[in-house]
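Peer 1: Could you have a look at this structure, given as structure tokens, before my questions?
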Amino acid sequence: NAGVMQNPRHLVRRRGQEARLRCSPMKGHSHVYWYRQLPEEGLKFMVYLQKENIIDESGMPKERFSAEFPKEGPSILRIQQVVRGDSAAYFCASSPIKEETQYFGPGTRLLVL
Amino acid sequence: AQSVTQLDSQVPVFEEAPVELRCNYSSSVSVYLFWYVQYPNQGLQLLLKYLSGSTLVESINGFEAEFNKSQTSFHLRKPSVHISDTAEYFCAVSREDSSYKLIFGSGTRLLVRP
């Protein structure tokens with residue numbers, strides 16, 4: 001059983017461009033969480049999604065950030081008009097049902113020049 | 001609101017020595033508790049968790065943590081560390097009524113020296 005997959009692993013964007021981060025949860029998992037890790041900091045919750053639904057987006061910045069988890073395909077975290085402060089590692093985690101244990105992917109490291 | 005405090009940002013220790021990484025949390029309701037380990041440039045791996053039952057939980061690689069409700073702590077311990085234990089360790093809590101989203105501490109970097 002493959003683990004949580006994220007791609008790309010590294011992403012470089014210039015200020016003003018768009019970044020699209022993908023997360024494929026573990027097989028059989030229908031719940032996805034996104035977290036952001038700023039340099040030298042812990043992880044901060046961003047958004048929790050189920051298939052076709054955003055359940056909790058209390059950690060998402062109000063502007064430029066959006067997330068989706070379509071019926072088919074991976075979950076996507078989209079950052080429009082990136083700024084240098086968006087440079088961070090973005091981690092996706094999945095769980096099979098609404099339960100307490102989450103399994104993390106390897107992360108996408110975004111660098112904004 | 002919940003919060004997690006890891007007081008030690010870095011813990012240097014010699015190989016084969018014991019270590020304790022401290023974690024305290026604040027919450028007005030029952031929480032689930034976790035320790036995750038992050039090796040350089042990698043994702044987080046679940047080390048151990050406390051959900052209910054026995055307050056002492058163990059991992060397969062020799063780590064253990066004890067849930068202490070009165071002190072709101074979940075310290076991580078290992079009696080004898082290896083060089084390969086060098087990593088960042090994160091304590092986290094979640095709640096059933098809060099979508100199980102994880103609230104993380106700031107992390108403790110364990111540095112094992114030969």
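Every number here is computed from the coordinates shown, using simple stated rules; none is lab data. None of the values given here were measured: they were computed from a predicted structure. Note that we place each Cβ from the backbone using ideal geometry, even for glycine, and neighbour counts take in every protein chain shown.
Peer 1: Treat each spin label as a single point 7 Å out from the Cα along the C-beta direction, and report the A:Ile97 to A:Asp56 distance in nm.
Peer 2: 1.8
Peer 1: What is the spin-label model distance, in nm, from B:Leu46 to B:Leu111 if the labels are put 7 Å beyond Cα along the C-beta direction?
Peer 2: Spacing of the two 7 Å Cα→Cβ label points: 3.2 nm.
Peer 1: Within the stretch A:1-36, find all residues whose amide N lies under 20 Å from a label point positioned 7 Å from the Cα of A:Leu111 along Cα-to-beta-carbon.
Peer 2: A:6-22, A:36
Peer 1: Moving on to the next point. So for the protein assembly as shown, considering every pair of alpha-carbon atoms, how many percent are separated by more than 21 Å?
Peer 2: Cα-Cα pairs of the protein assembly as shown separated by over 21 Å account for 56 percent.
Peer 1: Check B:Val11: other-chain or 5+ apart residues with amide H under 5 Å from its amide H, H built from backbone geometry?
Peer 2: B:Arg109, B:Leu110, B:Leu111
Peer 1: Would you please calculate the Kirkwood hydrodynamic radius of chain B over all C-alpha pairs and express it in Å, rounded to one decimal?
Peer 2: One decimal place: 14.2 Å for the Kirkwood radius.
Peer 1: What distance in nm lies between label points placed 7 Å from Cα along the C-beta direction at B:Glu64 and A:Met5?
Peer 2: Rounded to a tenth, the inter-label distance reads 4.0 nm.
Peer 1: For the stretch A:48-92, take every pair of Cα atoms, bin their distances at 10 Å starting from 0, and report each bin as a whole percent.
Peer 2: Histogram of Cα-Cα distances, whole percents per bin: 24, 54, 21, 1.
Peer 1: Let me ask you something else. What number results when the radius of gyration of chain A, computed over Cα atoms, is divided by 2.2 N^0.38 Å?
Peer 2: 0.99
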